[in-house]
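Engineer: Sharing a structure below in structure tokens format, with a few things to ask.
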Amino acid sequence: MSQTRRNLLAGGLALAATSPTFARQANPAIDAEAASFLAATRAPGLQVAMARNGTLGFVGAWGRADQAGAPLTHDHRFRIASLSKPITAAAVMRLIETGRLTLDSTIFGPGSILGDRFGPTSGPLRALRVRHLLNHTAGGWTNDGRDPVFAHPDLDQRQLIARTLAERPLEAAPGTRQSYSNFAYLILGRVIEQVTGEPYEGWVRRDVLSRCGAGGMRVGDRARGVGEVEYRALTIFDDPTAVDVRRMDANGGWIASARELVGFVTAVDGTEGPGRILRPASARLMATGPFAGAAYGHGWQINQWDNWWHTGIIHGTAAFMCKTRSGYVMAALTNTGGPGSDVTLKLDQMMWRMTAAIPGWRP
């Protein structure tokens, strides 16, 4: 999130976010921002949604959904990459609220959730708890040049997890340092499966997403699905279809529209009201860090001004969503991007300007 803007906006809206009757009003200033973004990034398309205090204020779509030139609509879905993490975290919070899980439930070893499902474990792995996976204090598997979720493309998800646990020991004791980990959230997906006895995608769709009007969201595949956009890589060397997003389900596999994301964020915004799916204390925990000054809570990127957000980027897509303390929720998706690019930063900065362009809104 941009340093100059992240200190302002707290969210609203759930079922209204997916209302098919919402009519977009003309807004030349927002259209100009969209045109500027598309020109600067050479993105095929852009989709946004914004709400304030539970009321949807604007949805917009510009550009193309695919190389054939099909116009992008409000209903097209995009890969959302790491925006999947707050969804997984909300699912874990639902299980905690119903007494099926605790933050201190152990993950591996005797009497744990997963036991030896992925092979025998010992040492620090047996000290790993649910909270460590949520808040990125597992002690290893960092999102760097050796990120295990992108390794061994020939392995299926179960094989990848087993091999990583066997070959990549933790580098620090769980709970002692914070380091962003895709693999930690991949394990959380398996925790959800073990506790519920159901596949991750199906349970999360039914118990989390359908409750906030986003039941049409799904985990993507290598190939483009029905209603999904086509992705444009930033270089000829990056192939979006080579990314096995289904294997990354819980950490980066979902596809969604911006309107659905606004509905989800509002449903877990920490307030009481219609459409909320978490108790305020559970939602607040998602935005509470493990120690003072932490940059990540238990599912959200956070800052000292009590704004919650997440960005996501993989080859061919970039995504941004935000809940701010002053009643605003925003989401933006585009079908271009890639690691090392500044597309998510541009989405962030653009969304603040777009929100300020809605009459009567002052983010």
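Engineer: Restricting attention to the range 127-145, and to residues there that are within 21 Å of the chain's Cα centre (by Cα) and charged (D, E, K, R), which single residue is farthest from residue 160 (Cα to Cα)?
Structural biologist: 131
Engineer: Go through the range 127-161 and report how many residues are in a loop (DSSP other than H, G, I, E, B) and of a type in the set (A, V, I, L, M).
Structural biologist: 4
Yes/no per residue for (1) outside any helix (DSSP H, G or I); (2) of a type in the set (A, V, I, L, M, F, W, C):
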| position | (1), (2) |
| --- | --- |
| 60 | yes, no |
| 73 | yes, no |
| 78 | yes, yes |
| 88 | no, no |
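Engineer: Say whether the condition of being over 19 Å from the mean Cα position of the chain (by Cα) and under 26 Å from residue 205 (Cβ atoms) is met by at least one residue in the range 184-194.
Structural biologist: yes
Engineer: Name the pairs whose Cβ atoms lie under 8 Å apart, with the first residue in the range 25-42 and assigned to a helix (DSSP H, G or I), the second loosely packed, with under 13 Cβ neighbours inside 10 Å and at pLDDT 95 or above, and 6 or more positions between them or separate chains?
Structural biologist: none
Engineer: Is one or more of the residues making up the range 268-275 over 30 Å from residue 64 (Cβ atoms), surrounded by 24 or more Cβ atoms within 10 Å (Cβ to Cβ) and modelled with pLDDT under 95?
Structural biologist: yes
Engineer: So which residues in the range 203-248 are under 18 Å from residue 261 (Cα atoms) and either among the hydroxyl-bearing types (Ser, Thr, Tyr) or not assigned by TED's automatic domain parsing to the domain that holds residue 267 (or both)?
Structural biologist: 210
Engineer: I would also like to ask the following. Go through (1) at pLDDT below 95; (2) within 21 Å of the chain's Cα centre (by Cα); (3) over 20 Å from residue 267 (Cβ atoms); (4) of a type outside the set (D, E, K, R) one by one and return the number of the condition residue 122 breaks.
Structural biologist: (2)
Engineer: Do you know which residues across the range 163-192 are out of contact with any strand residue (DSSP E or B) (no Cβ under 9 Å at 6 or more places or on another chain), surrounded by fewer than 20 Cβ atoms within 10 Å (Cβ to Cβ) and either under 28 Å from residue 295 (Cα atoms) or among the acidic types (Asp, Glu) (or both)?
Structural biologist: 167, 168, 169, 170, 171, 172, 173, 176, 177, 179
The values are calculated or read from the model by the stated rules, or taken from the named source; none is laboratory data. It should be emphasised that the depicted structure is a prediction, and the values quoted were computed from it without experimental measurement. Every residue, glycine as well, gets a Cβ built from its backbone with ideal geometry; the counts of neighbours run over all protein chains shown.
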